[in-house]
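In what follows, a structure is listed as structure tokens, so that the remarks can point back to it.
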Amino acid sequence: MTMFAYHLQAGLVGFGESFLDLERLFESLSGDQLSVGWLLFGLAAQLIIVGCLLAQWYASRRHGRIVIRSGVIYVGLVATVMLLVYASIRHDLVYVVGQILNVLIGLRLLELLRRTEVRRTETDMEHFPRIEPESAERRSSSGTIAPKRHR
């Protein structure tokens with residue numbers, strides 16, 4: 001038996017129990033600590049996040065570069081808030097702090113994406129043809145548009 005497998009089986013120092021004790025995990029989930037509804041809620045949130053990651057990965061592979069879609073970030077934020085609620089129901093401080101940080105990161109990504117879209121719009125406007133006063137239609141004194149006069 002390798003040293004790694006021995007430590008996994010014997011448990012980590014300070015924990016007193018096996019690190020990957022699946023029987024204990026299922027006992028804690030099926031007991032009075034957490035209802036099946038909350039368990040499904042947490043699993044649904046986690047599946048949504050995995051779906052967002054897969055959609056992001058697929059879009060980036062298809063375009064050949066990193067593509068960040070705002071819809072994926074919004075859905076990911078909703079799932080992260082769901083996980084934050086789930087973590088607070090479990091009274092897991094480490095999990096709650098991690099999800100709060102994820103929410104802040106998602107909000108920052110949305111802000112950066114919005115700034116990038118504003119800059120892209122301003123850059124795209126440079127490619128539109130410029131209308132010069134000589135080529136524009138002129139207004140007559142009555143307020144109607146008069147046709148351009150040729151010289």
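Every read-out reported here was derived from the displayed coordinates using simple, explicitly stated rules and does not represent laboratory data. What you are looking at is a predicted structure, and each value in this text was computed from that prediction instead of being measured. Methodologically, a virtual Cβ is constructed for each residue, glycine included, from the backbone with ideal geometry; neighbour enumeration extends over all protein chains shown.
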In the neighbourhood of LEU84 defined by beta carbon distances under 13 Å, the net charge of the other residues (Lys, Arg +1; Asp, Glu -1) is 0
Nearest-0.05 FRET efficiency for ILE105 and TYR58 at R0 = 25 Å, using Cβ-Cβ distance, is 0.70
I'd like the trypsin sites (Lys or Arg not before Pro) in the stretch 56-112 restricted to DSSP loop residues with at most 11 other Cβ atoms within 10 Å, sorted by number. ARG65
Quotient of Cα Rg and 2.2 N^0.38 Å for the stretch 31-118, N being how many residues it contains: 1.24
Net +/- balance of residues flanking ILE73 in space, Cβ distance below 14 Å, scoring K and R +1, D and E -1: +2
Cα-centred dipole magnitude for the stretch 31-118, charges only on beta-carbon of K, R (+1) and D, E (-1), debye, nearest 20: 500 debye
For ARG90, put the label point 7 Å out on the Cα→Cβ axis and report which residues of the stretch 47-79 keep their amide N under 13 Å from it. 47
